[in-house]
Amino acid sequence: MSEDNLQMVVVQTQNSGVLHVYVQGNLEERGGKTIILTVHDIGTNHKSFVRFVNHPSMAAVKEKSIFLHVCVPGQEDNSADYFGDFPTLDGIGEDLNAVLDKFEVKSAIAFGEGVGANIVCRFAMGHPNRVMAVILVHCTSTTAGIIEYCKEKVMNMRLENSIMSDGAWDYLLAHKFGGESKSRQEFLEELKSTLNPKNLSKYLVAFTKRTDLSSTIGTKLETVDALLVTGAKATHLHTVYTTHKSMNKKKTTLLVVDNVGDVMQEAPDKLSRALILLCKGCGVLSGVAIPGMERQRTLSSSMEEADRPRRMSVTQPHLPPVPSA
């Protein structure tokens, strides 16, 4: 076991080489527990999910679940330089099969943030039978828009040489926080002191070269329960709306959290509540109380709540203006 009582397991894959999976929870007590597979965003690693799971609002979920936190190649703290061709987002998504196989898991709740949500989406679209539901935080299903494409093109001239320019760091900050945030400088300092910038640039390049999912996501995830989550101040807010428009509305819930850019860090209680509601709708975590609601409830009220995830109230801000070409 490592810090935070994590167990690191090495998984050999076809596209990503070795994937490091950090297990949060006791695998020897897995009977009856819910398996939740996570994939992190750019500019972070598995620790972002560890922090979220350790939040007080997730205590009951943590007790009844086992988390498999996948670390994207080369994104571990103080990692050595990644050599060879970096895997595509499709390739990493396909390799999540090997992760579930390694732990002998038939199906799991798949949970991704940012680029990790895009990867989880690709995995679920290719293998819907292996996911009970997907939780997609700040998920982008489209390719880069015109303005974003121009910015990414300028960055790529440096990124292709494994150099993180000032523009690339600024892009990461905007990607994570959207507007201004008190946490920006703290995040940047931690980022520069822990992640290998050459490897970080490779993950960022893989994201800028992403292929479009929006045209097929509705069909391929037609039978999958999905929770889309974004902050009203998030940079990619409009692309989350685009993703939602493409999906099966009967199976998909959209949660927009007012006044935040980074939902996992700034509104973990709201995210945990939405996660619990989704899981109850899938028939798991039925004994977990919902934060903010009375703990004592009758069986009938519990059953009503279990049927509620797709009707949960959301805060709908005004749609952001779409940038002109």
Per the filter on region 237-274, residues over 19 Å from His40 (Cβ atoms) and among the small types (Gly, Ala, Ser) are Ser246
Can you tell me which residue among Thr208, Thr223, Thr143, Thr216 is open to solvent by 70 Å² or more (accessible area, probe 1.4 Å) and at pLDDT 75 or above?
-> Thr223
Residue pairs meeting the criteria (Cβ under 9 Å; at least 6 apart or on separate chains; first free of Cβ contacts under 8 Å to residues at least 40 places away in the same chain, in region 239-250; second in a loop (DSSP other than H, G, I, E, B) and open to solvent by 40 Å² or more (accessible area, probe 1.4 Å)) | Met247/Glu222; Asn248/Glu222; Asn248/Thr223
Options Ser286, Ser301: the member that is modelled with pLDDT under 90, surrounded by fewer than 13 Cβ atoms within 10 Å (Cβ to Cβ) and more than 19 Å from Ala232 (Cβ to Cβ) | Ser301
Lone unmet requirement of (1) open to solvent by 20 Å² or more (accessible area, probe 1.4 Å); (2) of a type in the set (Gly, Ala, Ser); (3) touching a helix residue (DSSP H, G or I) at 6+ places or on another chain (Cβ under 9 Å) for Ala110 = (1)
Matching residues, region 57-73, being open to solvent by 10 Å² or more (accessible area, probe 1.4 Å) and either in contact with a helix residue (DSSP H, G or I) (Cβ under 8 Å, 6 or more places away or on another chain) or in contact (Cβ under 8 Å) with a residue 24 or more places away in the chain (or both) | Ser57, Ala60, Lys62, Lys64
Going through region 18-45 in order, the residues found to be touching a residue at least 40 places away in the same chain (Cβ under 8 Å), of a type outside the set (A, V, I, L, M, F, W, C) and within 23 Å of Val131 (Cα to Cα) are His20, Tyr22, Gln24, Gly25, Asn26, Thr34, Thr38, His40, Asp41, Asn45
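Conditions tested, residue by residue: (1) over 28 Å from Ser193 (Cβ atoms); (2) at pLDDT 95 or above; (3) of a type in the set (Gly, Ala, Ser); (4) under 16 Å from the mean Cα position of the chain (by Cα).
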| site | (1), (2), (3), (4) |
| --- | --- |
| Met1 | no, no, no, no |
| Leu6 | no, no, no, no |
| Asn15 | yes, yes, no, no |
| Thr38 | no, yes, no, yes |
| Gly43 | no, no, yes, yes |
| Asn78 | no, no, no, no |
| Leu96 | yes, yes, no, yes |
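Kindly indicate which of His175, His244, His236 is touching a strand residue (DSSP E or B) at 6+ places or on another chain (Cβ under 9 Å), at pLDDT below 90 and surrounded by 15 or more Cβ atoms within 10 Å (Cβ to Cβ). Before the answer, list the steps.
Details: His175 fails: touching a strand residue (DSSP E or B) at 6+ places or on another chain (Cβ under 9 Å); His244 fails: at pLDDT below 90.
Answer to the selection: His236.
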Residues located in region 199-238, provided they are charged (D, E, K, R), touching a residue at least 60 places away in the same chain (Cβ under 8 Å) and more than 15 Å from Leu172 (Cα to Cα) | Lys209, Arg210, Asp212, Lys220, Asp225
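Restricting to region 188-225, and then to whatever is more than 30 Å from Lys251 (Cα to Cα) and hydroxyl-bearing (Ser, Thr, Tyr), can you tell me which residue is nearest to the chain's Cα centre (by Cα)?
Tyr203
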By residue number, the members of region 87-96 that are touching a residue at least 60 places away in the same chain (Cβ under 8 Å) and either among the aliphatic types (A, V, I, L, M) or surrounded by fewer than 20 Cβ atoms within 10 Å (Cβ to Cβ) (or both) are Thr88, Leu89, Asp90, Gly91, Ile92
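The values are calculated or read from the model by the stated rules, or taken from the named source; none is laboratory data. All values derive from a computational prediction rather than experimental measurement. Please note: Cβ atoms are built from the backbone with ideal geometry, for glycine as well, and neighbour counts cover all protein chains shown. These area figures cover heavy atoms from the full protein model, side chains too; ligands, DNA and RNA do not enter into them. Shrake-Rupley method; radii C 1.70, N 1.55, O 1.52, S 1.80 Å.
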